[in-house]
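The values are calculated or read from the model by the stated rules, or taken from the named source; none is laboratory data. Everything numeric here is computed off the predicted structure, so don't read it as measured data. So basically every Cβ, Gly included, is an ideal-geometry build from the backbone, and we count neighbours across all protein chains shown. Please note that ligands, DNA and RNA were not included when accessible areas were found on the heavy atoms of the full protein model with its side chains. Shrake-Rupley method; radii C 1.70, N 1.55, O 1.52, S 1.80 Å.
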Amino acid sequence: MKHRSLKLKEAHKASTGGGGRPALCSIVWDPEGRHLVTASAADQCVLIHYLDPQSKPPKALNHHKEGVTALAFSPSSNSFASGSIDHSVKLYSFPDGEFQSNVTRFTLPIRSLAFNKSGSLLAAAGDDDGIKLIATIDSTISRVLKGHKAPVTGLAFDPKNEFLASVDSVGTVIFWELSSGKLVHTLTGIAPICDSDTSLSNVLGWSPDGEILAAPGLRNDVVMYDRDTAEKLFTLKGDHERTICFLSWSPNGKYMATSGLDKQILIWDIDLRQDIERQKFDDRISGLAWKLNGNALAVIDVMGKFGVWEPTIPSCMKSPIDGAPTLQIKTDSGLLFDEDDEKPSASGSLDNVDEESDGESAPITRKRLRKQSIYEDCFGEDSDGEEGLLRQIESRKKYSDKREVGAGRREECASSIKFARPKMQEAFQPGSTPIQPAKRRFLCYNLLGSITTLENEGYSHIEVDFHDTGRGPRVPSMTDYFGFTMASLSENGSIFANPCKGDKNTSTLMYRPFSSWANNSEWSMRFEAEEIKAVALGNGWAAAATSLNFLRIFTDSGLQKHVICLNGPVVTLVGFKDELAIVTHTSDCLPSGDQVLEVTVLNIPNGTQTIINRLPLTPGSHLTWFGFSEEGHLSSYDSKGVLRMFSTQFGGSWLPIFSASKARKSEDETYWMVGLSGSKLFCIICKSPDSYPLVMPKPVLTLLSFSFPLACSDLGADDLENEFMLSNLSLSQVQNKIEEMVTAGIDATALNDEAFNIETSMDRCILKLIASCCNCDKLVRATELARLLSLEKSIKGAIKLATALKLPVLAERFDGILEERMLNKFKGTMPVSNSASIATARSNVSVCKTSPVPEFSKHQVLKPVTGEEKFSKAGGLELCKSPSKGNTVDGHHQIRSSRTVTPSAKVSPDHKKAELSHNTKVGVKQIRGVVKATEATNKEEGVNQEPSHRPVNPFAKSSKSQGKSSLFDSIKKMKVDNKKLDGSSKV
């Protein structure tokens, strides 16, 4: 294919910000092909260019206050319209360019304009809610169409004046029926998302015969949809390396021009469904326009430079204007009619639609209107005599031929016709980037290192690099003759795979260890008629998922160990040490377009399944990264920028720990995930339009902190609440790890210390939240927070805080929490034979408490005992028996007797208050004495006072003082201290 060079000349100055930023530029031909009209979102001028041999300088129209984002030419050739960021739509006469009127105004920028076939109706849309249909004869708004949930970037009238098609920035296409203004078809998520870059816009276009609607696809292709059913007919997929951003049909509908983010234009033969010409440019092309009466294509790029590609189609091929239809279709929409068109007698205008709906006649449907139009074409009033009969026969013949052509097209495309529903996500490899011809790309990028490949003359050059250059000798590069497109990297080796190739449709899997005691330790496997979709590595094993929904597991020496059937098509695989995580589809996409995914985690050495759970995604998104954190926590990241982590809480749930929409500093930022470590997210920040990093220059890793997407609290302490939730999550993960290690008989002392540090930091955060609650008068919430404190000294700190803030009621509540914590501790340490002492202690405590003392459990409890508690037992567990029934009753009797008041005795309220105050003071002194005595005892014995809620570590060494302590000695000391307190209170 011969490549041609087309030089562009400047029409509009690029935006000065940032050294010339790209801007959305527009270009249109006048219907006679003598002028070009251009505009730029970075320039408030509209330019009319004269293309005759005696060309003169372009005429500038300065009527907008800000950049111009849309142009549309009326088919009548006597006017054109422009839309701007200044929210206005203006109409000009042509060719003199005189300003005629302000057609309408919006509250937000305009993004798209379109005239109908006769030029009597103008559609305008943008960031506002709704598409306005404007009658050009008097600039009145005929109707507003509402249904899009994002800015509308593309509009196109059906050449038969029956439909209006629209597309928005999130890829939703809607078919509107003009006769009723109703939404006929909605195709969700079929076009690329371009809401983050205003220099990009989704567009669509009807074929000149009005039978097919073309729209950009999600796979760097163009998708064709049927006008009546909105079913997918076929696609145009060629050498576009990135998303298509503009398309334009030739006048005869045989060809199509497309431009993409890859800065090239392709010319397609629709019948052959392949590209026949191409042109490469320095900048992205944002506008294309075919000349209506010649073999030429006008182009304009995002920097405001334009040119004419002429001739576009080689002379040996059919001209783009040969056989161009000159449709004179009667308007049966009932909305607005051309002056030379006949109106169906039963339809009426827009103004009397409501009046007719109240009458007896039933509303005419779209299909009936089409049949009526065909009937009128064949048997009109003027079809009289011989000439009329000939016209009838000719019209019937054309209609019959048209139906046969349509049937042939449907039969030809029957294998590819499907309902226009979103497809299931294709399999992908985490940390890989798309294929870039003549450029090095990532096959794998993680926290360990990267694998890159560069295609060169039929083979590829693969390199493995580690972030830590001091880990060992450099891995030698490899020449790839298989065309590997997938890879995974671990500490011990790398694995590669390619899709099916060759006559035998063979897919190859190859493993390369980084070191081995034996030579020739590299191995490979071949699969015929079975394509590898994803690969993963772990400790001593490798895994591959195939198109037959098989999971194949190999040892690192190449032994085929397991072949497992998957529940559905694989999306991705990830390995971490002994665990393999598999993401699969469980069903087709939902009608809303959402993917239905499932996660299964296998322990390869043990042959067990540890997790099976649904994988949640943000509505309208797809999975873009999946993996384990450095600590082994399963995580996922979707295309909407939400990071989730799997937690065992609530029986297994996913927690949203990061949202890119709240973290990014500008709209053109996207985060390309690399991995997780601790409470940090490792990513590469990409600037629009790039959504993935390039190998050169070397990407820079960015660390971002986790942040739950919390609601705005009435405390104004969102950071503290986020810190509290993250600490709680970390503590839960560490506790689960301790339990696993204890069960496996592994020493967990280090994790025990880590859990204590987390508890301490979480207590500090809770105390700050309590202070915020006190300042905002949220005392109930402050009490709830105090119950979450882990350490006794933290509760004492809360009491001091409430006292300092002069909140005695709250301080009393906190004091009650501390007393309850002390009682629970005494309850757990007292033996069965000393139940009377427990009852005595309860009666002493009950004097100072205004609320009832929690009941002792009547069941035996196997209670964990930490090294910090006073009386530890071997193995870390102690059997705590409840008191016998008799002792329990006696204890309760003592509590009741201390509160009993003679019914006949009348006590004044003042006396009650004084007595209550006295009892409270005495009770507080008693409990404080108990606490002080306990603290003194613990201090003498060298035991840490603070309780812990961590799992028991049986390997923790007990102190020598614990071995010498006596239970009865401690009880005796407590009794002596109680007697002293009783004596002092009597005095």
So K254 ticks every box in (1) over 27 Å from N295 (Cβ atoms); (2) basic (K, R); (3) surrounded by 21 or more Cβ atoms within 10 Å (Cβ to Cβ) but one. Which box is left unticked?
(1)
With respect to the numbered conditions (1) open to solvent by 70 Å² or more (accessible area, probe 1.4 Å); (2) among the β-branched types (V, I, T); (3) touching a Ser or Thr at 6+ places or on another chain (Cβ under 8 Å), which one is the sole condition not fulfilled by I657?
(1)
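Take the stretch 86-101 and flag every residue that is over 39 Å from the mean Cα position of the chain (by Cα) and touching a residue at least 24 places away in the same chain (Cβ under 8 Å).
Selection gives L91, Y92, F94, P95, G97, F99, S101.
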Among what's in the stretch 410-456 and is part of a loop (DSSP other than H, G, I, E, B) and of a type in the set (K, R), pick the residue that is modelled with the highest pLDDT.
R440
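A quick yes/no check of all residues on (1) open to solvent by less than 20 Å² (accessible area, probe 1.4 Å); (2) modelled with pLDDT under 90; (3) in contact with a Leu (Cβ under 9 Å, 6 or more places away or on another chain):
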{"site": "G260", "(1), (2), (3)": "yes, no, yes"}
{"site": "K263", "(1), (2), (3)": "no, no, no"}
{"site": "I267", "(1), (2), (3)": "yes, no, yes"}
{"site": "I276", "(1), (2), (3)": "no, no, yes"}
{"site": "D283", "(1), (2), (3)": "no, no, yes"}
{"site": "I300", "(1), (2), (3)": "yes, no, yes"}
{"site": "G304", "(1), (2), (3)": "yes, no, no"}
{"site": "S315", "(1), (2), (3)": "no, yes, no"}
{"site": "S319", "(1), (2), (3)": "no, no, no"}
Can you tell me which residue is surrounded by the most Cβ atoms within 10 Å (Cβ to Cβ) among those in the stretch 485-503 that are assigned to a loop (DSSP other than H, G, I, E, B) and under 29 Å from the mean Cα position of the chain (by Cα)?
S490
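Do we have S790 as open to solvent by less than 50 Å² (accessible area, probe 1.4 Å) and in a helix (DSSP H, G or I) here?
No, not satisfied.
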Of all residues in the stretch 20-59 being touching a residue at least 60 places away in the same chain (Cβ under 8 Å) and of a type in the set (V, I, T), which is most open to solvent (accessible area, probe 1.4 Å)?
V28
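Residues are listed down the side, and each one gets a yes or a no for (1) modelled with pLDDT under 90; (2) of a type in the set (F, W, Y):
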position: K132; (1), (2): no, no
position: T136; (1), (2): yes, no
position: T140; (1), (2): yes, no
position: S169; (1), (2): no, no
position: F175; (1), (2): no, yes
position: V203; (1), (2): no, no
Quick check, is K640 more than 20 Å from T572 (Cβ to Cβ), open to solvent by 20 Å² or more (accessible area, probe 1.4 Å), basic (K, R) and assigned to a loop (DSSP other than H, G, I, E, B)?
no
Across the stretch 698-720, what is the number of residues that are more than 22 Å from the chain's Cα centre (by Cα) and either over 22 Å from Q429 (Cα atoms) or of a type in the set (D, E) (or both)?
8
Which numbered condition T198 misses (of (1) modelled with pLDDT of 95 or more; (2) under 24 Å from the mean Cα position of the chain (by Cα); (3) of a type in the set (V, I, T))
(1)
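Answer yes or no as to whether G575 is outside any strand (DSSP E or B), within 19 Å of A497 (Cα to Cα) and open to solvent by less than 50 Å² (accessible area, probe 1.4 Å).
It is false that G575 is outside any strand (DSSP E or B), within 19 Å of A497 (Cα to Cα) and open to solvent by less than 50 Å² (accessible area, probe 1.4 Å).
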Looking at the stretch 603-618, is at least one residue under 19 Å from the mean Cα position of the chain (by Cα), open to solvent by 30 Å² or more (accessible area, probe 1.4 Å) and at pLDDT below 90?
no
Restricting to the stretch 661-687, what's the tally of residues that are in contact with a Gly (Cβ under 6 Å, 6 or more places away or on another chain) and either at pLDDT 90 or above or closer than 19 Å to T433 by Cβ (or both)?
1
I'd like to know if the stretch 767-778 contains one or more residues that are open to solvent by 20 Å² or more (accessible area, probe 1.4 Å) and either under 23 Å from L655 (Cα atoms) or in contact with a Pro (Cβ under 7 Å, 6 or more places away or on another chain) (or both).
no
Yes or no: S629 in contact (Cβ under 8 Å) with a residue 12 or more places away in the chain, in contact with a Ser or Thr (Cβ under 7 Å, 6 or more places away or on another chain) and under 17 Å from S490 (Cβ atoms)?
yes
Considering every residue within the stretch 624-634, establish whether at least one is open to solvent by 20 Å² or more (accessible area, probe 1.4 Å) and within 16 Å of the chain's Cα centre (by Cα).
yes
Report yes if L187 is within 22 Å of the chain's Cα centre (by Cα) and open to solvent by less than 20 Å² (accessible area, probe 1.4 Å), otherwise no.
yes
Among (1) of a type in the set (D, E, K, R); (2) modelled with pLDDT of 90 or more; (3) over 15 Å from M224 (Cα atoms); (4) surrounded by fewer than 23 Cβ atoms within 10 Å (Cβ to Cβ), there is one condition D209 misses while meeting the rest; what is its number?
(3)
Filter result for T16 (open to solvent by 70 Å² or more (accessible area, probe 1.4 Å), at pLDDT 90 or above and within 41 Å of the chain's Cα centre (by Cα))
no
Could we say that T506 is open to solvent by less than 70 Å² (accessible area, probe 1.4 Å), farther than 30 Å from E630 by Cα and hydroxyl-bearing (S, T, Y) here?
yes
Determine whether E812 is open to solvent by 50 Å² or more (accessible area, probe 1.4 Å), in contact with a helix residue (DSSP H, G or I) (Cβ under 9 Å, 6 or more places away or on another chain) and either at pLDDT below 90 or farther than 30 Å from G632 by Cα (or both).
yes
C245 fails exactly one of (1) within 23 Å of the chain's Cα centre (by Cα); (2) part of a loop (DSSP other than H, G, I, E, B), namely (2)
Filter result (open to solvent by less than 40 Å² (accessible area, probe 1.4 Å) and not in a strand (DSSP E or B)) within the stretch 509-518
A518
Which residues, counting only those in the stretch 664-676, are open to solvent by less than 40 Å² (accessible area, probe 1.4 Å) and either touching a Pro at 6+ places or on another chain (Cβ under 9 Å) or touching a residue at least 40 places away in the same chain (Cβ under 8 Å) (or both)?
W672, M673, V674, G675, L676
State whether the residues of the stretch 237-246 include one that is β-branched (V, I, T), open to solvent by less than 10 Å² (accessible area, probe 1.4 Å) and at pLDDT 95 or above.
no
Show the residue pairs that are 6+ apart or on different chains and have beta-carbon atoms under 6 Å apart, the first residue being within the stretch 692-708 and under 30 Å from N728 (Cβ atoms), the second being open to solvent by 50 Å² or more (accessible area, probe 1.4 Å) and of a type in the set (S, T, N, Q).
F706/S679
